[in-house]
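Have a look at the structure below before the remarks.
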Amino acid sequence: STPPLERKGYHFQSILPVLEKVIDDLVGEKGKIHLVGHDWGAILFWSYISDFDRQRRVLSYTAVSCPHPEQFKENVFGKMFSFKMDKIFEGVNQLFKSYYILFFQLPVIPELM
């Protein structure tokens with residue numbers, strides 16, 4: 001598709017209806033799909049299947065290289081606030097590996113880079 005005209009066009013709530021349209025075009029309005037997402041796609045598809053009405057369109061879902069957002073939050077921030085040095089290190093280490101996810105949420109700066 002063409003890029004959104006505004007930044008808010010990249011918000012999940014703007015992208016999910018586009019995904020629904022793609023599914024309709026591929027398998028019809030009542031068809032079901034096997035959904036596979038990698039990295040940002042996996043994050044987006046977690047949001048998709050978390051919606052009960054959209055769940056009915058999915059036969060199976062495979063997330064590659066991305067846990068559920070709640071599991072990610074617990075893995076990073078739960079460990080960082082565990083008061084156990086080895087767990088804090090693991091949480092900080094994961095945060096550094098995933099910096100780009102947070103970076104792309106910042107206003108203006110990613111576009112300038």
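Scan the range 11-52 for residues that are β-branched (Val, Ile, Thr), more than 21 Å from His68 (Cα to Cα) and either surrounded by 13 or more Cβ atoms within 10 Å (Cβ to Cβ) or without any contact (Cβ under 8 Å) to a residue 12 or more places away in the chain (or both) and jot them down. Walk me through how you get there before you give the answer.
At the first step, the residues of the range 11-52 found to be β-branched (Val, Ile, Thr) are 15, 18, 22-23, 27, 33, 36, 43, 49.
Next cut, more than 21 Å from His68 (Cα to Cα) only: 18, 22-23, 27.
Residues satisfying the conditions are Val22, Ile23, Val27.
I need every pair where a residue in the range 88-112 that is at pLDDT below 85 has its Cβ under 6 Å from the Cβ of a residue that is open to solvent by 60 Å² or more (accessible area, probe 1.4 Å), sequence separation at least 6 or different chains. So the pair list comes out as Pro110/Phe104.
Given the range 53-113, what helices (runs of 4 or more DSSP H) lie entirely inside it while holding 3 or more residues that are farther than 30 Å from Glu6 by Cβ and open to solvent by 50 Å² or more (accessible area, probe 1.4 Å)? Give the steps one after another, and end with the answer.
Values: elements: 69-73, 85-97, 99-103, 109-112.
Those helices (runs of 4 or more DSSP H) span 85-97.
Can you work out which of the residues in the range 1-10 that are of a type outside the set (D, E, K, R) and part of a helix (DSSP H, G or I) is most open to solvent (accessible area, probe 1.4 Å)? Looking at the filtered set, the residue picked out is Tyr10.
The values are calculated or read from the model by the stated rules, or taken from the named source; none is laboratory data. Everything quoted here is computed from the prediction, not taken from an experiment. Neighbour counts are summed over all protein chains in view; Cβ atoms, including those assigned to glycine, are modelled from backbone coordinates with ideal geometry. Side chains are part of the model used for accessible areas, which takes the heavy atoms of the whole protein and leaves out ligands, DNA and RNA. Shrake-Rupley method; radii C 1.70, N 1.55, O 1.52, S 1.80 Å.
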